[in-house]
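Presented below is the structure to which this report refers.
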Amino acid sequence: MANLKIIHAYRHIYRGLLHAIQFSKPARFTARDQLRAAFRDERSKLDSRSIARTLRFLEAATRTRGLEHTILRNLLLTAYYRQKDAQNPWKFVDQNLKHPRRETELEKHVRKTAYKHYDMTVAMLNKSMGLCLR
């Protein structure tokens, strides 16, 4: 029975996301990947209240291009570029093999803490509104 609830929650959220982003190409794949990762995470728990609130949030994002739509669009845009920055094109990998370059301490620090404040803001939004956004 619990498996059926998880499957229904996944499908409802995914359908709501697709309608909210109007099936746009880069956003739907980013949303799908994030949703899969969230549901495959073993530490996550199924909270029916937060799922219901998230569905209401997605319905509001679908209805009008208001604050909810803007928040969702920015979340997905940030996730897309975050994922894209993590991938190294083959040209850079080949160049680094030929001419290795050491990363400075400042570059290491910036790379590690670039999204820290953003992640904290999303966590506070989830906590204050009772949502399960990522």
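Structural remarks
- Rounded to 10°, Cα long-axis angle of helix 116-129 versus longest principal axis of the chain: 10 degrees
- Charging the Cβ of each Asp and Glu at -1 and of each Lys and Arg at +1, and nothing else, the dipole of the range 2-129 about its Cα centre rounds to 240 debye.
- Karplus 3J(HN,Hα) series, Hz, for the range 33-38 with 6.51 cos²θ - 1.76 cosθ + 1.60 (x for Gly, Pro): 5, 5, 5, 4, 5, 5
Throughout, read-outs are computed from the coordinates displayed, never taken from laboratory work. All values derive from a computational prediction rather than experimental measurement. Please note: Cβ atoms are built from the backbone with ideal geometry, for glycine as well, and neighbour counts cover all protein chains shown.
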